[in-house]
Amino acid sequence: MSAPVVDANIRPSQSSTDAVALGGSAAHGGRRGAPQHRPSVHDSEAARGVVFAVLRRIEGYLDEETVALDKAPNFDLKASNDRKSQGLVDLNQAMRRLKSSDVNQDLEMRLQMFREKLAINLRKIRLHLDAVREITAMLSEAIQSAESDGTYTRNIGPYRSAL
């Protein structure tokens with residue numbers, strides 16, 4: 001007994017209207033045609049939920065980076081910055097889905113808390129970058145002093161320390 005050979009794309013019970021409903025067309029042999037336009041239904045709760053989820057994810061990145069700037073000298077700032085950047089792109093897309101009527105007091109409060117976390121993270125990053133600049137300047141000055149024989153220095157002679 002052998003099983004009958006059945007084409008996987010054609011089902012005996014599938015009518016041409018079923019094929020169109022599934023995204024295909026009878027004229028194209030059941031293949032997908034142009035995308036069907038479905039009326040969009042706006043769900044305020046779902047839109048806010050997406051924004052809250054993205055905010056939680058970005059805040060996790062911010063918290064991780066803020067702690068690491070204090071404690072982990074080998075923290076990968078590039079990877080952290082990439083994650084934050086992608087998170088902000090996602091937040092921008094999620095915010096575009098909101099209508100002005102979707103913004104309620106909870107969302108406004110949550111966005112304010114997010115701004116505060118961003119401000120804390122920004123202060124930590126600025127502090128970190130200022131420290132890096134100071135160290136770089138000290139190292140640069142030390143290298144120049146070590147390599148210089150004094151020939152091209154501005155203040156030569158006993159009055160050097162007076163200026």
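The values are calculated or read from the model by the stated rules, or taken from the named source; none is laboratory data. What you see is a predicted model, and the numbers here were worked out from it, not measured in a lab. Backbone-built Cβ (ideal geometry, glycine too); neighbour counts: all protein chains shown.
Table for the structure above
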| quantity | calculated |
| --- | --- |
| Cross-chain or 6+ apart pairs with Cβ under 9 Å, segment 77-104 first and in a loop (DSSP other than H, G, I, E, B), then among the charged types (D, E, K, R) | LEU98/ARG48; VAL103/ARG48; ASN104/ARG48 |
| Options ILE125, ILE135; residue that is over 23 Å from GLU45 (Cβ atoms), surrounded by 10 or more Cβ atoms within 10 Å (Cβ to Cβ) and under 18 Å from the mean Cα position of the chain (by Cα) | ILE125 |
| Exclusive hit being at pLDDT 90 or above, of a type in the set (Asp, Glu) and in contact with a helix residue (DSSP H, G or I) (Cβ under 6 Å, 6 or more places away or on another chain), set GLU64, GLU59 | GLU59 |
